[in-house]
Each structure stands twice: as structure tokens, then as C-alpha cells.
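Some notes on the structure that comes next.
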Amino acid sequence: MELFNQVSEVVKKKEGKFAVRGWIHRRRDQKSKIFIILRDSTGTIQCVFDQKFEKQLKGVGIESSIKIWGEASEDKRAPSGVELIAFKLEVVCPTEIFPIAKDLSEEFLLDVRHLWLRSGRMTAILKIRDEIFHASRQFFKEESFYEVSAPMFVSQAGEEGSTMFELEYFGKKVFLSQTGQLHLEAAMFGLEKVYSFGPSFRAEKSRTRRHVTEFWHLEGEMAWFNQEMSMDLQERLVQYIANKVYKNCKKELKTLNKEPKELLEFQKRFARMTYEQAVKDLKKTGFKIKIGDDLGTREEKKLAEKHGPVFVMNYPKKMKAFYMKEHSKNPKLVLCSDLILPGVGEVIGASERETDYEKLVKRIKQAGDDPKNYEWYLDLRKYGSVPHSGFGLGMARLIMCLTGVEHIRDVIPFPRTMTRTYP
Ligand code: 4AD
Ligand code: MG
């Protein structure tokens with residue numbers, strides 16, 4: 001078997017004979033030399049070819065795949081401080097003209113997303129995304145949760161009925177899951193602390209910087225937890241993830257022009273205020289808003305700008321989903337919280353769950369749905385119902401917040417929106 005070194009290893013060792021393989025990131029031809037910046041998944045290195053390679057490198061352009069054998073030495077002028085003088089070359093798959101050059105429109109880059117994924121920017125984002133996915137699972141493991149997979153085909157709404165994708169299923173009507181919550185609640189009775197991590201779907205007609213039709217959803221459901229305990233847990237989760245990204249992704253954050261130190265801000269306690277306080281607060285800042293109005297992106301961003309990460313609690317019942325527990329002192333409110341983060345707004349939606357069978361039936365009817373569709377879910381309130389809480393975190397939004405990337409489609413490898421399912 002041939003032995004190859006990763007580029008980062010060569011850059012670290014600085015001197016010696018190495019074999020590397022990857023893709024041509026840049027190419028510059030001089031009179032007597034050809035300079036190639038070679039890229040692999042770990043970084044880039046400058047490689048130098050003398051005239052005898054001219055013929056072999058003819059028509060070998062950016063994004064061609066090649067193997068190089070050479071001698072490395074330190075060179076301050078080279079971008080990574082190390083240069084590889086080639087003595088052998090193999091062109092694996094030559095590319096004459098790569099479709100992506102400089103200064104192309106956002107739409108074009110989305111059309112060629114399958115090729116754009118190789119860019120330094122996308123690679124940095126995907127590495128951070130990987131770190132966050134991994135950290136999430138580590139966190140839950142350390143907190144003694146069990147991972148449970150919720151189904152994607154479902155037969156009832158979990159959130160607003162209007163955002164359900166309906167599809168034909170062997171002559172029957174079913175939906176794509178908007179949330180794993182209801183099924184997680186069922187799994188909680190055996191395991192007490194459970195989480196699911198998978199895609200959720202919303203037939204979202206709004207075209208905003210923070211909505212997509214398919215997103216990765218990290219959801220937790222905890223027996224015996226009240227709202228306070230749930231918020232404490234959510235805070236620990238976000239802090240845990242932010243700390244991992246700070247520690248392990250400094251290079252990638254810098255590629256995205258995000259100062260890693262900014263992530264340390266998440267280690268402070270998160271503010272907590274009620275919906276009513278938030279509305280009053282916004283009014284004072286000049287917003288035209290009254291009790292009963294929902295908080296939009298502008299309002300949420302303002303709150304986070306002022307307070308940093310903030311939990312907004314206890315919204316009016318009529319604004320929220322049927323499963324949220326009624327406030328014991330004010331039946332017009334529910335025991336819920338949205339975690340609002342700087343730069344993006346709502347990242348987590350959470351609540352205590354209604355445990356009372358009759359109240360739940362009434363709420364399902366009020367939401368315009370038929371309790372018959374929820375028979376199995378209602379069973380959970382008949383057989384050993386317990387107080388419990390849960391939450392759902394939109395992964396893409398958290399990534400936006402931690403990286404400073406401004407559009408949700410840029411933190412997802414193949415984003416799905418109202419107008420895009422290609423590539
Ligand atoms: O607030 P949501 O709708 O809450 C639920 O689905 C609950 N059932 C979760 C639970 O308690 N288990 O969605 C949760 C989060 C939002 O805060 C947001 O971050 C993200 O999911 N989200 C979206 N992200 C991108 N595009 C969309 N269209 C999103 N809709 C929700
Ligand atoms: Mg929500």
C-alpha cells in the first residue's frame with residue numbers, strides 16, 4: 001500500500017521527504033517554475049515544480065486531483081511557512097476549467113453547492129458543524145440521557161398544522177415530522193431522560209434568513225423536570241457546545257472572521273424574563289408592541305442585543321402549541337420558554353407539558369384538530385402520567401449564532417427552502 005501524509009502533518013514536521021495527495025487550490029506559472037497550492041481536508045501547502053513537469057501539468061487546472069512526492073523545507077514566503085519541492089507527480093483526474101471562479105452570485109453558488117462545498121468557507125463551517133453535533137451527543141451522554149430515534153413519517157401534527165408537509169402513503173395521508181417531541185414523550189416513561197437528534201420538516205412559506213423547510217432538531221424530554229430545571233439544562237447545553245467550539249475550532253472560526261474569544265461570553269448566566277417583561281422592555285426601547293403580539297425577528301434580536309442570551313418565559317396560551325402546560329396562577333399563560341440568542345433570535349423552544357387528560361383534549365380541539373388522531377399520545381396521560389418538560393433546539397440557528405454566519409442556508413450543506421431542492 002502506498003503511504004501518504006496529510007498536509008497538516010507535513011506543515012508541522014517542516015522537513016523531510018513526503019508524499020501528499022489532494023486537489024489543486026491555486027496555480028501560478030512562472031518562467032522556470034510552477035507553484036501549486038495543494039489542498040486536502042487538513043489544510044494547504046505550497047508545492048514547487050521545475051520545468052521538467054511542464055508537460056505533465058499542461059491543462060491541469062484548479063480542482064484537479066494529484067499526488068505529489070517531494071522534499072519539504074521551511075520557507076517564510078510560503079503561505080503555510082513550508083514548501084514542498086516536487087520530485088515526482090501523478091495526475092489522478094485533471095480538470096481544465098472549474099466552474100467556480102471569483103465573485104459569483106449567491107444563487108449561482110447555491111446551484112453549484114455540490115462543488116462549492118470544497119471551498120475554505122464551507123469546509124470551515126462543516127468542521128464546526130461536526131464539532132457541534134459531536135458535542136451535543138457528548139453532553140447528553142454526560143448528563144445520563146438516552147438517545148431515542150423518533151419517526152419521520154407521522155400521523156398527527158406536533159406543531160402548527162399549517163406548516164405540515166402532507167404526503168401519500170400507500171393510499172393514506174401522512175405527514176413529515178415537525179418535531180420528535182410527542183414520540184420522545186412516550187420513550188421518556190421507560191428511560192426518564194431522553195433525547196432525539198434528526199431532521200424536522202416545516203412547510204415554511206416565510207423567506208427569511210433563519211427559516212428552512214428541513215432542519216436538524218435536537219430535542220430533550222425529561223421526567224420530573226419543571227421549567228426551571230429545564231432552563232438550567234438548556235443553559236448548560238449551550239455553554240457546553242460553545243466551549244467545545246471555542247476550544248477545538250479556533251482556526252475555522254478565524255476563517256469565518258469570528259473572534260474565538262467572543263464565544264466565552266456564553267459562559268455567563270443567561271438572563272431570564274417573562275413575556276410580559278419583554279414586551280414592556282421593548283416598548284421602552286421604542287417598539288410598537290402590546291401584550292398579545294408575538295415577538296418577531298426584530299424584537300428578538302433587540303432583546304439579545306440588550307441582554308445577551310435570554311430566556312423569555314410564559315407566553316400567552318393562544319400563541320403556543322396545545323401540549324404546553326397551563327400556568328397555575330394565570331390560565332391565559334403557559335409554562336414555556338424561548339431561548340433567544342444574539343444574532344439570530346429564537347434557537348430553543350421549550351415547555352412543561354400538560355399532564356391533565358381533559359385539558360389536553362380541550363386544547364387539541366381548540367387547535368382545530370381531532371383528539372382521535374392523538375389517541376396514543378393521550379394514553380400517556382392515562383397510564384402513569386408524570387410532570388415533565390422538554391425542549392427543541394434548531395441546530396442550524398445555533399451554528400449561525402456561534403459562527404456569526406448571517407444566513408441559515410450557509411450553515412447547512414444542502415439547504416432546503418421553498419424554492420430549492422437542488423442539488
Ligand atoms: O419552537 P419549535 O417549533 O418547537 C418545537 O418543535 C417543540 N416541539 C420542540 C420540543 O419541545 N421538543 O421549534 C424548535 C426550534 C426553534 O426554536 C428553532 O430554533 C428551530 O426549532 N426551528 C427552525 N429552524 C430552521 N427553520 C425552521 N423553519 C424552523 N422551525 C423551527
Ligand atoms: Mg418556537
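The values are calculated or read from the model by the stated rules, or taken from the named source; none is laboratory data. Computed from a predicted model, the values in this text were never measured in an experiment. With ideal geometry, Cβ positions are generated from the backbone for all residues, glycine too; neighbour counts draw on all protein chains shown. Areas reflect the complete protein model, heavy atoms only, side chains present, ligands, DNA and RNA absent. Shrake-Rupley method; radii C 1.70, N 1.55, O 1.52, S 1.80 Å.
What the table shows:
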item: The stretch 8-25-the stretch 338-368 distance, computed between alpha-carbon centres (Å); result: 53
item: Relative contact order of the stretch 170-318, defined on C-alpha pairs under 8 angstrom at six or more residues apart (%); result: 17
item: Heavy-atom surface of the stretch 219-324, accessible at 1.4 Å and reported per residue (Å²); result: 51
item: Sum of side-chain charges, residue 85 neighbourhood, beta-carbon under 9 Å (Lys, Arg +1; Asp, Glu -1); result: -3
item: Violating pairs (Cα-Cα greater than 21 angstrom) within the set 172/365; 332/359; 205/332; result: 172/365; 205/332
item: Carbon plus sulfur fraction of accessible area for the stretch 271-408, probe 1.4 Å, in percent; result: 49
item: The stretch 111-181, accessible surface, carbon-and-sulfur percent (1.4 angstrom probe); result: 53
item: Whole-number percent relative contact order across the stretch 122-244, with pairs defined as alpha carbons under 8 Å at least 6 apart; result: 25
item: Formal net charge of residues neighbouring residue 183 (Cβ-Cβ distance under 11 Å; K, R +1; D, E -1); result: -3
item: Cα centroid of the stretch 372-411 to Cα centroid of the stretch 244-272, whole Å; result: 24
item: For the chain: relative contact order, % (alpha-carbon pairs under 8 angstrom, 6 or more apart); result: 13
item: Computed [θ] at 222 nm, deg cm²/dmol, the chain (DSSP H ≥ 4; -39,500 (n - 2.57); rounded to nearest 500); result: -9000 deg cm²/dmol
item: Under the Debye formula (equal points on every Cα, no solvent term), log10 I(q)/I(0) of the stretch 1-125 at q = 0.13, 0.19 Å⁻¹; result: -0.53, -1.06
item: On Cα atoms only, tilt of 357-366 relative to the major axis of the chain in degrees; result: 70
item: Whole-number accessible area per residue in Å² for the stretch 53-183, which is evaluated in the context of all protein chains at 1.4 Å; result: 56
item: Cα-based Rg and Dmax for the chain, where Dmax is the largest Cα-Cα distance (Å); result: 26.1, 84
item: Whole-number D in µm²/s for the stretch 220-322 (Stokes-Einstein; Kirkwood sum over Cα pairs; 10 °C, 1.306 mPa s); result: 100
item: 14 Å beta-carbon shell around residue 62, net charge (K/R +1, D/E -1); result: +3
item: Highest average packing first - 304-310, 265-271, Cβ atoms within 10 Å; result: 304-310, 265-271
item: Highest-first arrangement of 166-173, 205-212, where packing means the average Cβ count within 10 Å; result: 205-212, 166-173
